[in-house]
Structure formats: C-alpha cells, structure tokens
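Notes follow the structure.
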Amino acid sequence: MSEYQGVLHRYGHLLHLPPHTRPVTLLEGNTPLIPVLRLAEHLGGGFELYVKYEGLNPTGSFKDRGMTAAISEAVGRGARAVICASTGNTAASAAAYAARAGLRPIVLIPQGKVAAGKLAGAVAYGALVIQVEGSFDDALQMVVEISEKHPICLVNSLNPYRIEGQKTAAFEICDRLGAAPDWLCLPVGNAGNITAYWAGFRQYDFLRGIGLPRLLGVQAAGAAPLVLGHPVDHPETIATAIRIGRPARGEQALQAAEESGGRIIAVTDEEILTMQRQLAALEGIWVEPASAAGLAGLAHEIAAGRLNVRGRRVVAVCTGHGLKDPDIITGQIGSPLVISPRVEILEGVLFQ
Ligand code: F0G
C-alpha cells in the first residue's frame, strides 16, 4: 500500500470539491477505531463497542478532516484570508491549515469560554484571535456577515467543503468494519459533524451497499436546542466545545437522526464528566468533555432501557483529545500529594 497522504488523497474521488482545489494536508484522518471491551462490559455487556478516536488528528480534533478540504478549496481559488467563529477546535484547525497554506487566519471566540489547549493552539499557529463578548452563536453571525461583505473565506461548517471533508470519517469506519455499524453515537454542537457523517454513510451505502447506522446525537442539557425544539439564548455547559444555542445545521441534524431511525438527546454535565473519567480509567482514552457526550448518551439510553444494543455493533465518535482541556481535570483533583525525596516515605505512602 502506498504511503498515507491524508483524507483528500485517500477519498478525494468521493468528495464534491471543485477542480481548482489544491491539496493542503497535515496527513489528517486515518484515526484508530479502538475496541473498548471494558467500557462495554461496564455498560452491561453483550455488544461490540468501538471508539473512533478523532482526538488523534494533527491538531487534536476531527475538525482537521473538514479543514483540509475547506482550506484546499480556498487556497486554490486564490483566497488570502480565512475566518471562523469557534468554541476552540475549529479555530486551532483553521489556524494550522491556513498557516500551512500561507493564508491569514482570523478566529472569533466567545470570551473566556474556550479551553486552554485550543486557545494556545490557535495562537501558536499564528491566528489573529479575537474574543467576542457573547456566545459562539453571536460570533458565528458576525463572521457570516463579514465574509459576505469582504474577501475573507468562511471556514465554519456552513462552508460545504467542510462537510465534504468530514464525510471521510464515515468512510473510514465502514472500510474498517466492512459495513456500517448498527449505531453511531456522537456529540452535537453546531451540527456539522452529524450532518457530514450521515451524508458519508448514505453515499457509501449507495455505492457499496454497506448499510446505514442509526444516529444517536447528543447535546449537553444546558445547550440542547435540538432536543428542546427552540434556540437557547444563553447556552451553558462544562463541555464548552458544544456550548451552542443556535446550531447552523440544526435542521439537517434533526432530519439525519430521524431518517436514520435514531434520535438526538441531551445529557447532563455530570453524566459527561462521569463518562470522561470512565473512558480514561477503563480504557486509557482521555478525551475532552464534549467528546465524551456521545458515549454518555449511549450510557444514558441503555440505563433507561431505551436502547437495546445486545448483539449490536456500536461506534462512538470521540471528537477531541483530553489535552485540549486540561483544566477540567486539574480542577477536579487539585494538586497531587507532595512528599520529601526519601524512599521510606514513599514506602509509607504505598504500603501502609
Ligand atoms: N466535539 C468537539 C470536540 C467539538 O469541538 C465540536 C464542535 C463538536 C463535538 C460538535 O461538532 O459542531 O459539528 O456538531 N466544535 C466547534 C468549534 C463548534 O468551534 O470547534 P458540530
């Protein structure tokens, strides 16, 4: 097999990208699908459970799949600057791919609500970072308006090429399993990713007859417009990545969930943090809080008796790495024990 060259090289023939597209890649994608046996047992057992670990992408989240496509199209068309609103991961990804393409990245983030690893990433990759006194939704509206007025390319998931790139995760899952899973669980924020997965699964099923999964989309209870059926003006959740009250692709997400025979549900912050801990402690997979939401939703539905997974194959998408948001963990444990540098003291701690 030839050397891996990123998602556009691997799946470009299946993506609707214009001919002027000029590939800019960090060799994103090709992420592991990890069987999580201990967690499956913990959730009652009797089914196959896999984590699609998207935190292992070059900038630490699934956004890189869509960003390689959006930036490749933008640079091929002669764009000079790109802009996005972001809860953090899109910002870091846009900044990295823009840097690689020689474009100027501008990112708008909700003031004080972006996790440390994401903000640091955006700054490190050289983005102009602007904090907005408001929510992600306010910032998104601003970047949409400015990109309509000025020659700055919008790289939020309203950009159709983002969706095209993100379809590749569905292709990878099917290629690895030889079929679509029975269920796909994933967090939902601005709703681009669930839209992309559904488009990807449908396309692959059309081409290869590999079946379709049911989708379990999961929002945080304090930011659950798709569950409540109306926008949320002041979304709040510890999972800042999905702290979104007016999802740009909300309608499409609801339609995808319904068409698939699945649904969109909400879980509490406590359920999210519990799942984040369990996944790390039982499987050695540390993800950021929002990324644990899909699995938290699965646990929630199984416990409520609303989802019979017996004999089924379930894939949970873990969208971002735990290192993105270290403060969540250090905030929970405080400072670790300190001892003087003497082995007797260590023995005392370990064996008494
Ligand atoms: N998980 C993580 C880690 C995210 O960063 C996001 C979205 C989602 C899930 C939800 O995906 O928006 O396609 O439904 N983050 C965006 C950002 C909003 O700005 O980084 P979605």
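For the stretch 291-303, a residue qualifies if it is more than 10 Å from the ligand (Cβ to nearest atom) and either closer than 18 Å to ASP269 by Cβ or touching a helix residue (DSSP H, G or I) at 6+ places or on another chain (Cβ under 6 Å) (or both), and the qualifying residues are LEU295, ALA296, GLY297, LEU298, ALA299, HIS300, GLU301, ALA303.
With the condition kept exactly as written, say whether any residue in the stretch 173-196 is under 18 Å from GLU251 (Cα atoms) and of a type in the set (Lys, Arg). No, that holds for no residue. A search for C-beta distances below 7 Å between a residue of the stretch 278-290 that is within 14 Å of the ligand (Cβ to nearest atom) and among the basic types (Lys, Arg) and any residue that is in a loop (DSSP other than H, G, I, E, B) and at pLDDT below 95, counting only pairs 6+ apart in sequence or on different chains, returns nothing.
Within the stretch 206-216, not a single residue is touching a Leu at 6+ places or on another chain (Cβ under 6 Å) and open to solvent by 20 Å² or more (accessible area, probe 1.4 Å). The residues on offer are GLY66, GLY55, and the sole one that is touching a residue at least 12 places away in the same chain (Cβ under 8 Å), open to solvent by less than 10 Å² (accessible area, probe 1.4 Å) and touching a His at 6+ places or on another chain (Cβ under 8 Å) is GLY55. Screening the candidates GLU73, GLU28, GLU48, GLU41 for the property of being within 30 Å of ALA304 (Cα to Cα) and either touching a Gly at 6+ places or on another chain (Cβ under 6 Å) or crowded, with 17+ Cβ neighbours inside 10 Å (or both) yields one hit, GLU48. Of all the numbered requirements in (1) more than 13 Å from the ligand (Cβ to nearest atom); (2) open to solvent by less than 20 Å² (accessible area, probe 1.4 Å); (3) not acidic (Asp, Glu), ALA124 misses one, and that requirement is (2).
Scanning the stretch 227-271 for residues that are open to solvent by 70 Å² or more (accessible area, probe 1.4 Å) and within 11 Å of the ligand (Cβ to nearest atom) yields a single hit, GLN252. In the set ARG176, ARG162, only one residue is charged (D, E, K, R) and open to solvent by 60 Å² or more (accessible area, probe 1.4 Å); that residue is ARG176.
The values are calculated or read from the model by the stated rules, or taken from the named source; none is laboratory data. None of the values given here were measured: they were computed from a predicted structure. Glycine gets a Cβ as well: all are built from the backbone with ideal geometry, and neighbour counts include every protein chain shown. Calculation scope for accessible area: heavy atoms of the full protein, side chains included, ligands and nucleic acids excluded. Shrake-Rupley method; radii C 1.70, N 1.55, O 1.52, S 1.80 Å.
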